[in-house]
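Participant: Here it is, the structure, as structure tokens.
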Amino acid sequence: MAATPENPIIFYDIVAKDGSYWTPNPFKTRLTLNYKGLPYRVKWVKIEDVEPLMKEMGIPPTSKTFPHYTLPMIADPSSEPDGKPTLVSESFRIAEYLDEKYPAPKYPIVIPPGTRVLQKIFAEQYAPSIAMAPIPAIVSGLPAAVLDEASTEYMYRTRGKETFNPVSEETSAKVMAEAREKWDGFALTIGDGPWITGDTVTFADFLIGGLLFFWRRIGGGDEGKLWKELATWQDGRWAEYWKLVEAIENKSSCLA
């Protein structure tokens, strides 16, 4: 049985202090669900409650390194009237599952045939270097932007409070210059677009979209210093790219 508005997919996402979403990995799954047009409801989880929840639900660790338990996760309703939902965690595995359970031509796919290995290599081996590039310059803004007191304490305790110390203007400028160099190289690698693979939307686009979303979220949005700088890179390419991603974000299949 496919998910329906009466019996939708449950999507587990990490909540910000203002009640909205903020983390890049669940954002990939949010885009996947929206793009495929699958009805879903959100189950909000505070970041400090992720591990206890997943252990309680019997979900295995999603990573061999800390944090061992991470969202996103979905609960897809069973095809049996009294059956248990299928629980799937980790954004790439969720995309694979949804493409198999809800295939083309009825639903658009995000991991086209023949691209799985390349997309997985991109996600696991290439993307982390460009993902982390600007983080030292902006991570100090994360607690104030999205975390309440309890979540801030948890992040300080588990990641180290010094992780969120602001850096000097000189260090910030150096970090952003190095980040731009990496993104310049990335832009040359993928060609003219508009999407990563050309004219076709794939999961790789949701990965990049998640990065842009996260940086905007903790960096002050449209008016933030980070975005104003990043939006000029490659002659405004990433500002235009974000508009395409944002259109998928806004065409939401999330139920109230």
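The values are calculated or read from the model by the stated rules, or taken from the named source; none is laboratory data. All values reported here derive from a predicted model rather than from experimental measurement. Counting neighbours? That spans all protein chains shown, and the Cβs are built from the backbone with ideal geometry, glycine included.
Participant: Every residue in the stretch 1-19 that is loosely packed, with under 11 Cβ neighbours inside 10 Å and touching a residue at least 40 places away in the same chain (Cβ under 8 Å), please.
Facilitator: Pro5, Asp18
Participant: Same structure, new question: Look at the stretch 20-46 and say how many of its residues are assigned to a loop (DSSP other than H, G, I, E, B), under 28 Å from Asp148 (Cβ atoms) and touching a residue at least 12 places away in the same chain (Cβ under 8 Å).
Facilitator: 3
Participant: Output the residues belonging to the stretch 189-230 that are part of a loop (DSSP other than H, G, I, E, B) and of a type in the set (Phe, Trp, Tyr).
Facilitator: none
Participant: Can you spot a residue in the stretch 172-187 that is in a loop (DSSP other than H, G, I, E, B), without any contact (Cβ under 8 Å) to a residue 60 or more places away in the chain and surrounded by 16 or more Cβ atoms within 10 Å (Cβ to Cβ)?
Facilitator: At the first step, the residues of the stretch 172-187 found to be in a loop (DSSP other than H, G, I, E, B) are none.
Within the stretch 172-187 (the criterion being in a loop (DSSP other than H, G, I, E, B), without any contact (Cβ under 8 Å) to a residue 60 or more places away in the chain and surrounded by 16 or more Cβ atoms within 10 Å (Cβ to Cβ)), the answer is no, since none of the residues qualifies.
Participant: Give the stretch 58-99 a look and list any residue that's farther than 25 Å from Pro113 by Cα and of a type in the set (Asp, Glu), or say none.
Facilitator: Glu80, Asp82
Participant: Can you report the number of residues in the stretch 202-227 which are more than 14 Å from Gly141 (Cβ to Cβ) and modelled with pLDDT under 95?
Facilitator: Final tally of qualifying residues: 1.
Participant: Condition check: more than 21 Å from the chain's Cα centre (by Cα), of a type in the set (A, V, I, L, M, F, W, C), crowded, with 16+ Cβ neighbours inside 10 Å and closer than 30 Å to Ile111 by Cα. Does Trp195 satisfy that?
Facilitator: no
Participant: Pairs only if they're at least six apart or on different chains, beta carbon under 6 angstrom, first in the stretch 234-256 and surrounded by 13 or more Cβ atoms within 10 Å (Cβ to Cβ) and part of a helix (DSSP H, G or I), second at pLDDT 95 or above and not polar (S, T, N, Q); list them, first residue then second.
Facilitator: Listed pairs, sorted by first residue: Trp242/Leu212; Val245/Gly209; Ile248/Leu31; Ile248/Tyr35.
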